[in-house]
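Trainee: Would you mind keeping the following structure in view while I ask a few things?
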Amino acid sequence: MENKMQYQLLHDTLVVDFYGEVDSSNAPKYRQELDSLIAQSQGEVIFRFKHTSFIDSSGIGLVLGRYNQLKLEGRKLKISNLNNTAYKLFELTGIFNIMEYIEEE
């Protein structure tokens, strides 16, 4: 599966889908794109990982950095559709104490 990121704006919500792996090889590129997208949007943001096979610490850092960016603006970041391994990783880091996890179809 190709590593990529796609997004769409649904009403005021920016929905970002990650495909393949989110790791040190692509996190800097995604970070740059997301910073621009977030600056251009106004509502909450949802990161969907339904099509993601692997997330490393760079991916976790990517998520936390965007969370902090949004928090400063009084906006929310939600996470959805992690696979079991990634869910456990996010759970161990305590991310779900600060961000909402949602299951979507």
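Just so it is clear, none of the values below were taken in a lab; they were calculated from the coordinates. Source: prediction; values computed, not measured. Here the Cβ is made from the backbone with ideal geometry for all residues, glycine too, and neighbour counts use every protein chain on show.
Trainee: What list do you get for S58, S53, S36 if you sort them by fewest beta carbons within 10 Å?
Mentor: With the fewest neighbours first, S58, S53, S36 line up as S36, S53, S58.
Trainee: Share of antiparallel DSSP beta bridges in the chain, in percent to the nearest 5?
Mentor: 30
Trainee: Neighbouring Cβ atoms within 10 Å as the yardstick, rank L9, L34, L70 fewest first.
Mentor: L9, L70, L34
Trainee: For the chain, what does the helix formula give at 222 nm: sum of -39500 (n - 2.57) over DSSP H segments with n ≥ 4, over the residue count, nearest 500 deg cm²/dmol?
Mentor: For the chain, the value works out to -12000 deg cm²/dmol.
Trainee: Here's another thing I want to ask about it. Just checking my list [x] 1.15; [y] 0.92; [z] 1.20 against Rg/Rh (Cα atoms, Kirkwood Rh) computed from this structure; which label fits?
Mentor: Correct label is [y].
Trainee: Which helices pass in the chain if a helix is a full DSSP H run, must span at least 20 angstrom along its long axis by Cα, and must have mean Kyte-Doolittle hydropathy not below 0.0?
Mentor: 57-72
Trainee: Here is a follow-up. Would you mind ranking I95, I55 so that the residue whose beta carbon has the fewest other beta carbons within 10 Å leads the list?
Mentor: Listing I95, I55 from fewest to most nearby Cβ atoms yields I95, I55.
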